Structures are given as C-alpha cells and as structure tokens.
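See below for the structure under consideration.
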Amino acid sequence: MRVVSGIQPTGSLHLGNYLGAIRNWVRMQDEMAQDGGQCLFFLADLHAISMPHVPADLRASTLEMTAALVACGVDPARSVLFNQAQVPAHAELQWLLGGTARMGWMNRMTQWKDKAGKNREGQSVALFTYPVLQAADVLLYQATHVPVGEDQKQHLELARDIAQKFNNDFCAADAPVFTLPEPIVPPEAARIMSLRDGSAKMSKSDPSDMSRINLADDPDTMSKKVKKAKTDPEPLPSDVAGLEGRADALNLVSIYAALAGISADAVLTQYGGQGFGVFKPALADLVVDVLGPIRQRFVELKEDRESLDAILARGAARAREIGGPTLKAAYDALGLIRG
C-alpha cells in the first residue's frame, strides 16, 4: 500500500488544515509504518504557480510549510517529505499525460469553473491543466490510495480516467504502466469552518485573519480568536439535532469534538444548556492545549533553514528514486527515445 498526498505551500497552515488533513496524514504514516506500507507527502509548489504569486513568498512559504508539517508529526524518517520542484518527473509526466487527457474532461472540472469564474480567457494554462499535474503527482509513484476531501474526488476520478486510457492505448493488457489509485475518505476527517462565518470553510485565502486559527499564532492570539468567534445568543442544545440551522454554533462544537477526540453529542452532553460564555473559554483552553506544543515546535523549526533544506533534499532524492521507473515506462510506452 502506498499513499500519496500534497498540500500547496501558500499562506499559513491553520486549524482546518490540521484537523481536516494533516492529522490524518500523521495517522496514516503511523499505520503504514506498522503495516509495511509507505507514505509520500509533498509541498505542491508547482501547483502554486498556476495563480499569481510572489516568488520570494512562495520560497519562504515552502520552507514554513515544511516546518509546520514536521511540527504536526509528519516524520521525514518514516514518510517521504519533499517539494515538487525538486522532482522534475512531476512536470515531465504531466506533459506525457497531456496527450491522453481530453479537453472535454478538463472543461468539466468544477474547481476550474470556480477558480476561473467568468474570465476564463484570462486565466493561465497552468490553472486549466492543474488536474493533469495532480494526476501525475499520484500516478508517478504508483499510489494505491490517495486521501481526498469532497472537493477533490473529481480530480482523483480524472486521474483514474487518464491512467486507464493510457494503459488501454499504449500498454499490453497484462502490463499496464499505471496503478489506478483508490480514494481514502477518512470518516473522522473534520470539516472546519470559518470563525467569522460558519457556512464557509476555514481558508488561508480569507482576508480576515480572525476567521482562522493559524499554527503560527501564539496562545493568547488563539484564545482571543476563539472567544471572538461568531455565535448566536441561544444556549447549546443537548444533542446535535438541536444545532440545525445554527452553523456558527455547530462549527465551534465540531472543533471541540475534533480536538478532544469525542463525538459532537458527547460535547453537548457536557455543555448542553450552557451559553457560549462558558463554552468558548473551555474551547479556547483546549485549542491552546492541543496546538500550543505544535506551535512551539514550529517556531523552533522554521528558523532552522539548513535542517529544512536537508529534509526536502533527502525526500526529493527518495521521490526521484521511487518515481524513476514509472517515468521511464511511460516514455517507453509512448515510443519516445530517451537517453
């Protein structure tokens, strides 16, 4: 079993990233280590240039995100941690797969429609072909499983379609080049919403810093953001059904449940009937208890540029080694002469 997943190094890692994805990366890493499997986690810096960016900021964010992932528990000794740009095979394979991917498939991508908006003609080619690079990211390593949220299922389906068509068009039936990866949708993955709007996902791109809890925030800032989070005047109900139509309240209860490792109903058993004047301070304390040690480790790591560079270099060397045979097989299948 081989798991592959990536994250864009743009903006600061926040509570939503940690609870929704990174914590599950750490769990999968631990499980793979026990079962003889392997995890590859990468910083998607090639994906980041599909949108306008500041080069110096991208470089700094890549190192900062590396520090954050390690602080959260991603262990470079047990997982392969690297950035895409140090593994040219990602871009090479994207081009090779470009002959198999179809314009109709790309035009149906929901995220392309959302990000391009009405100004499609003004968007970069990289934004349009983004899903082909995503396919290359996982197919290069013969990934058997890919963690996906609801918003990424379509992209993994596309990767499978590309792999299947390539295998059908260029390979013998008993010797396919690519493995068709299966999705992993962790049932416990938390969907964390904005602290300013319980109906919107917590996001690095939200202009309001008060909408999210960053891993870089100090304990006082974390506590302040929780206590100022948007709520309603009603007390908490005794069960989750009572939170229907109360998105902001549901979000805070969900955050507590995810951090404490209990169900939302268990949270409400404890706090049902009480107001947010009681619940918010308790939640703030829990956030600081869980994220405080991670934040401390992150602050220490991000100042050690030499160690971060070494982590990425070692990971990239291993990734190039793992992906090399697949890239060669793809060139050979297409009839390309490569030295």
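A few notes on this one:
- Scanning region 200-235 for residues that are under 20 Å from the mean Cα position of the chain (by Cα) and either of a type in the set (Gly, Ala, Ser) or within 28 Å of Thr269 (Cα to Cα) (or both) yields Ala200, Lys201, Met202, Ser203, Ser205, Ser211, Arg212, Ile213, Ala216.
- Candidates Ala241, Ala330: the one that is in a helix (DSSP H, G or I) and surrounded by 13 or more Cβ atoms within 10 Å (Cβ to Cβ) is Ala330.
- Phe82, sole failed condition from (1) closer than 30 Å to Asp35 by Cβ; (2) over 15 Å from the mean Cα position of the chain (by Cα); (3) aromatic (Phe, Trp, Tyr): (2)
- Qualifying helices (runs of 4 or more DSSP H) (wholly inside region 99-182; at least 1 residues being out of contact with any helix residue (DSSP H, G or I) (no Cβ under 6 Å at 6 or more places or on another chain) and of a type in the set (Lys, Arg)): 110-116, 153-170
- Every residue from region 49-58 that is in contact (Cβ under 8 Å) with a residue 60 or more places away in the chain and surrounded by fewer than 19 Cβ atoms within 10 Å (Cβ to Cβ): Ile49, Met51
- Scan region 190-228 for residues that are surrounded by fewer than 18 Cβ atoms within 10 Å (Cβ to Cβ) and among the hydrophobic types (A, V, I, L, M, F, W, C) and the total you get is 3.
- Any hit, region 32-48, residues being over 13 Å from the mean Cα position of the chain (by Cα), in a strand (DSSP E or B), among the aromatic types (Phe, Trp, Tyr) and buried (at least 23 other Cβ atoms within 10 Å of the Cβ): no
- Scan region 1-20 for residues that are more than 22 Å from Asp218 (Cα to Cα) and surrounded by fewer than 21 Cβ atoms within 10 Å (Cβ to Cβ) and the total you get is 4.
- No other residue among Gly315, Gly277, Gly292 is in a helix (DSSP H, G or I), crowded, with 20+ Cβ neighbours inside 10 Å and of a type in the set (Gly, Ala, Ser) apart from Gly315.
- Of Asp197, Asp217, Asp169, Asp239, all but one fail to be assigned by TED's automatic domain parsing to the domain that holds Thr326, in contact (Cβ under 8 Å) with a residue 24 or more places away in the chain and charged (D, E, K, R); the exception is Asp169.
- A single entry from Thr129, Thr144 fulfils the requirement of being assigned by TED's automatic domain parsing to the domain that holds Asp45, closer than 18 Å to Cys39 by Cβ, surrounded by 16 or more Cβ atoms within 10 Å (Cβ to Cβ) and among the hydroxyl-bearing types (Ser, Thr, Tyr): Thr144.
- Check on Asp75, surrounded by fewer than 20 Cβ atoms within 10 Å (Cβ to Cβ) and assigned to a helix (DSSP H, G or I): no
The values are calculated or read from the model by the stated rules, or taken from the named source; none is laboratory data. Since we're looking at a predicted model, the values are computed, not measured. Note: ideal-geometry Cβ built from the backbone for every residue, glycine included; neighbour counts use all protein chains shown.
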